[in-house]
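The values are calculated or read from the model by the stated rules, or taken from the named source; none is laboratory data. Values in this document were obtained by computation on a predicted structure and should not be read as measured data. Quick reminder, even Gly has a Cβ in these numbers, built from the backbone with ideal geometry, and neighbours come from all protein chains shown.
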């Protein structure tokens, strides 16, 4: 049984249909990458998976349990955490408070130990612990967003465009950390505009277009697929 | 300099060879320093006008101390107002009615509690304190009830800001009518004709013990709120929800529960403000309504959604209102608050503690 299963989901905003019959799955420990042109509905998939948007049809299952009617604050307690593309940190709070709120569902004791682990993964955050999060650079914000989402020790981490708007050097750093997080056993489902890079590191990939998933396959193979390249990788 | 403001125009301007002078002047005029200078200038002008009209220094000093007391009362209301705005993002016009309701409920409790002797040097006995402690959570529950009946429904329908604001205005009139219906239009005192002697303090400051009590209690409550917001789980969840409600849910915070506690806290603080206001003057059905404008002025001056700012704003408004009575009819008090609010909006709409560009 897959860890996460999106089964024939159709959904959208108001009357506007954005996703049509989308299905995908993430196995435990995998990196799965969703790529596709702008407006293909990649971020919308994330929102449906995380309970921010209800599926009109179909369902989302985590460990075989239907979670499509659960609010986000209950989903996080089931071992899945989410880093949205924008507005993914509490800008008015300090770095440390951000991390602590990442573990809001957790009772006191373990928080300090988890925080230490996140500081080990992102030493920069420790230097900035008492700083207001809104005053940090784009790369540091992304580190904090990921760090906060990892505070609950999830089995599956959802990343929406983790490299968006970052300097090329910082993109490498973030991708390297994603692989490191994955090596500790956390499965990762990510949406990326940086398609070639993200497919190379992914175990499997999905290509989306016009609200549907079109192609599925092992990540590196998709990256080398001439059709995918021509259609979606711009070359 | 450039890394201070990566988004705004100032950063871009410093990268250019020379920033346009007009831009720099505008930025300087809208800075926090400019607002502080303007507020201090208004205060100085008030004091100077008073001195020019032969108001004695002792009286001015006493008025200033009373202003701090009034500021404490305003702060209790303003902090609730700013918290509700921060978390729910609408101006709650019924907050003044909560203040009135708190004062009258305490009055009702005192009628049924056995009367004890006055706790000298104060004018009130223990039954007043008990009534205060009872009225606070009760108004908190009323506030929560209004949310359940009115505002939560609007939230579920994703209603517009205007609808929320109008609904709260309707609730303000509803609560005020209810108070008229139960208690009538008469004035009441917590204690009729009980001696409340003026203390002899250094520098000839004339202050009643009750007024000092109000100042101390208001500040103690504000301090507690600060601790609650910075140290407790629920407080941090409130700040997180105010900052970014969607992300708060994603991080595991049940925002509906945060909203419920925000109403309870806001209602309880408003009740405390109402009881203190009632103690310092008298109970009138319009008392909260007259505090609404100073409360909004304090919230805007401090930066909407910022409790610390609301406290500072409330103290400034309180002092200006009281000092102005040295040479103005006290009925013009709200006008002074209004003038300060407009000044703030013109100079720096995000207030003293607001984020830039807000």
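Need the failing condition index for residue A:32 against (1) within 25 Å of residue A:5 (Cβ to Cβ); (2) within 14 Å of chain B (Cβ to nearest Cβ); (3) under 13 Å from the mean Cα position of the chain (by Cα), just the number.
Tallying (1) within 25 Å of residue A:5 (Cβ to Cβ); (2) within 14 Å of chain B (Cβ to nearest Cβ); (3) under 13 Å from the mean Cα position of the chain (by Cα), residue A:32 fails exactly one: (2).
Can you name the condition, by its number, that residue A:41 falls short on among (1) away from chain B (no Cβ under 14 Å); (2) surrounded by fewer than 21 Cβ atoms within 10 Å (Cβ to Cβ); (3) at pLDDT below 90?
Going through (1) away from chain B (no Cβ under 14 Å); (2) surrounded by fewer than 21 Cβ atoms within 10 Å (Cβ to Cβ); (3) at pLDDT below 90 one by one, residue A:41 breaks only (2).
Evaluate the range B:85-98: report whether one residue or more is under 19 Å from the mean Cα position of the chain (by Cα), under 24 Å from residue B:208 (Cβ atoms) and modelled with pLDDT of 90 or more. Write out each step before concluding.
Of the range B:85-98, the ones under 19 Å from the mean Cα position of the chain (by Cα) are B:85-98.
Those still in the list that are under 24 Å from residue B:208 (Cβ atoms) too: none.
No; the residues of the range B:85-98 include none that is under 19 Å from the mean Cα position of the chain (by Cα), under 24 Å from residue B:208 (Cβ atoms) and modelled with pLDDT of 90 or more.
What is the one condition in (1) more than 14 Å from chain B (Cβ to nearest Cβ); (2) within 18 Å of residue A:10 (Cα to Cα); (3) in contact with a helix residue (DSSP H, G or I) (Cβ under 9 Å, 6 or more places away or on another chain); (4) at pLDDT 90 or above that residue A:52 does not satisfy?
(1) is the only condition that residue A:52 fails.
Quick one: residue B:283 ticks every box in (1) within 11 Å of chain A (Cβ to nearest Cβ); (2) in contact with a strand residue (DSSP E or B) (Cβ under 8 Å, 6 or more places away or on another chain) except a single one, so which number is it?
With (1) within 11 Å of chain A (Cβ to nearest Cβ); (2) in contact with a strand residue (DSSP E or B) (Cβ under 8 Å, 6 or more places away or on another chain) applied to residue B:283, the lone miss is (1).
Name, by its number, the condition in (1) under 30 Å from residue B:258 (Cα atoms); (2) assigned to a helix (DSSP H, G or I) that does not hold for residue B:159.
With (1) under 30 Å from residue B:258 (Cα atoms); (2) assigned to a helix (DSSP H, G or I) applied to residue B:159, the lone miss is (2).
With the condition kept exactly as written, say whether any residue in the range B:51-61 is surrounded by fewer than 21 Cβ atoms within 10 Å (Cβ to Cβ), on the phi > 0 side of the Ramachandran plot and within 17 Å of the chain's Cα centre (by Cα).
Looking only at the range B:51-61, we keep the residues that are surrounded by fewer than 21 Cβ atoms within 10 Å (Cβ to Cβ), and these are B:51-61.
Filter once more, so that each one left must be on the phi > 0 side of the Ramachandran plot: B:54.
Cutting the leftovers down to within 17 Å of the chain's Cα centre (by Cα) gives us none.
There is no residue in the range B:51-61 that is surrounded by fewer than 21 Cβ atoms within 10 Å (Cβ to Cβ), on the phi > 0 side of the Ramachandran plot and within 17 Å of the chain's Cα centre (by Cα).
From the list B:309, B:313, B:288, B:278, which one is under 19 Å from the mean Cα position of the chain (by Cα), part of a helix (DSSP H, G or I) and modelled with pLDDT under 90?
Numbers: B:313 fails: modelled with pLDDT under 90; B:288 fails: modelled with pLDDT under 90; B:278 fails: modelled with pLDDT under 90.
Just a single option satisfies the conditions, and that option is B:309.
Sort out which residues of the range A:106-135 are in a loop (DSSP other than H, G, I, E, B), surrounded by 21 or more Cβ atoms within 10 Å (Cβ to Cβ) and within 13 Å of chain B (Cβ to nearest Cβ), and write them in order of number. Walk me through it before giving the result.
As a first pass, look at the range A:106-135 and keep what is in a loop (DSSP other than H, G, I, E, B): A:106-109, A:122, A:128-131.
Checking which are surrounded by 21 or more Cβ atoms within 10 Å (Cβ to Cβ) leaves us with A:122.
Across the range A:106-135, there are no qualifying residues.
Checking the condition more than 13 Å from residue A:89 (Cβ to Cβ), buried (at least 24 other Cβ atoms within 10 Å of the Cβ), in contact with a helix residue (DSSP H, G or I) (Cβ under 9 Å, 6 or more places away or on another chain) and within 14 Å of another protein chain (Cβ to nearest Cβ), which residue from A:159, A:144, A:166 passes? Before you say what the answer is, go through the steps one by one.
On the way: A:144 fails: more than 13 Å from residue A:89 (Cβ to Cβ); A:166 fails: buried (at least 24 other Cβ atoms within 10 Å of the Cβ).
A:159 is the lone residue from the list that is more than 13 Å from residue A:89 (Cβ to Cβ), buried (at least 24 other Cβ atoms within 10 Å of the Cβ), in contact with a helix residue (DSSP H, G or I) (Cβ under 9 Å, 6 or more places away or on another chain) and within 14 Å of another protein chain (Cβ to nearest Cβ).
Condition first: within 12 Å of chain B (Cβ to nearest Cβ), part of a loop (DSSP other than H, G, I, E, B) and either touching a helix residue (DSSP H, G or I) at 6+ places or on another chain (Cβ under 6 Å) or closer than 25 Å to residue A:210 by Cα (or both). Now tell me which residues in the range A:56-86 satisfy that.
A:84, A:85, A:86
Just give me the residues in the range A:28-55 being in a helix (DSSP H, G or I) and over 24 Å from residue A:71 (Cα atoms), in sequence order. Outline the logic, then answer.
Going through the range A:28-55, the residues in a helix (DSSP H, G or I) turn out to be A:42-49.
Of everything in the range A:28-55, nothing turns out to be in a helix (DSSP H, G or I) and over 24 Å from residue A:71 (Cα atoms).
Could you grab me the full set of residues in the range B:316-332 that are assigned to a helix (DSSP H, G or I) and free of Cβ contacts under 8 Å to residues at least 40 places away in the same chain?
Restricting attention to the range B:316-332, the residues satisfying the condition of being assigned to a helix (DSSP H, G or I) are B:316-324, B:330-332.
Within the range B:316-332, B:330, B:331, B:332 meet the criteria.
Has the range A:96-105 got any residue that is part of a loop (DSSP other than H, G, I, E, B), within 14 Å of chain B (Cβ to nearest Cβ), surrounded by fewer than 19 Cβ atoms within 10 Å (Cβ to Cβ) and modelled with pLDDT of 90 or more?
Going through the range A:96-105, the residues part of a loop (DSSP other than H, G, I, E, B) turn out to be A:103-105.
With within 14 Å of chain B (Cβ to nearest Cβ) added as a condition, the list becomes A:103-105.
Then keep just the ones that are surrounded by fewer than 19 Cβ atoms within 10 Å (Cβ to Cβ); that gives A:105.
Those still in the list that are modelled with pLDDT of 90 or more too: none.
Taking every residue of the range A:96-105 in turn, none turns out to be part of a loop (DSSP other than H, G, I, E, B), within 14 Å of chain B (Cβ to nearest Cβ), surrounded by fewer than 19 Cβ atoms within 10 Å (Cβ to Cβ) and modelled with pLDDT of 90 or more.
Wholly within the range A:158-235, which strands (runs of 3 or more DSSP E) include no fewer than the required count, namely at least 2 residues that are more than 19 Å from the chain's Cα centre (by Cα)?
Details: elements: A:187-191, A:204-209, A:212-218.
Per the criteria, A:212-218.
For residue B:124, state whether it is closer than 29 Å to residue B:67 by Cβ and surrounded by 12 or more Cβ atoms within 10 Å (Cβ to Cβ). Don't jump to the end; show me each part of the working.
Values: closer than 29 Å to residue B:67 by Cβ: yes; surrounded by 12 or more Cβ atoms within 10 Å (Cβ to Cβ): yes.
Yes: the conditions hold for residue B:124.
Test of understanding: among B:248, B:242, B:271, which residue is in contact (Cβ under 8 Å) with a residue 40 or more places away in the chain, within 14 Å of chain A (Cβ to nearest Cβ) and buried (at least 22 other Cβ atoms within 10 Å of the Cβ)?
B:242 is the lone residue from the list that is in contact (Cβ under 8 Å) with a residue 40 or more places away in the chain, within 14 Å of chain A (Cβ to nearest Cβ) and buried (at least 22 other Cβ atoms within 10 Å of the Cβ).
Tell me, yes or no, whether the range B:122-132 has at least one residue that is touching a helix residue (DSSP H, G or I) at 6+ places or on another chain (Cβ under 8 Å) and within 12 Å of residue B:268 (Cα to Cα). Outline the logic, then answer.
Residues of the range B:122-132 that are touching a helix residue (DSSP H, G or I) at 6+ places or on another chain (Cβ under 8 Å), as a first pass: B:122-124, B:127-128, B:130-132.
Now drop any that are not within 12 Å of residue B:268 (Cα to Cα), which leaves B:132.
Checked against the condition, which is being touching a helix residue (DSSP H, G or I) at 6+ places or on another chain (Cβ under 8 Å) and within 12 Å of residue B:268 (Cα to Cα), the range B:122-132 yields at least one hit.
Kindly indicate whether residue B:266 is in contact (Cβ under 8 Å) with a residue 60 or more places away in the chain, in a loop (DSSP other than H, G, I, E, B) and crowded, with 24+ Cβ neighbours inside 10 Å.
Details: in contact (Cβ under 8 Å) with a residue 60 or more places away in the chain: yes; in a loop (DSSP other than H, G, I, E, B): no; crowded, with 24+ Cβ neighbours inside 10 Å: yes.
No: the conditions fail for residue B:266.
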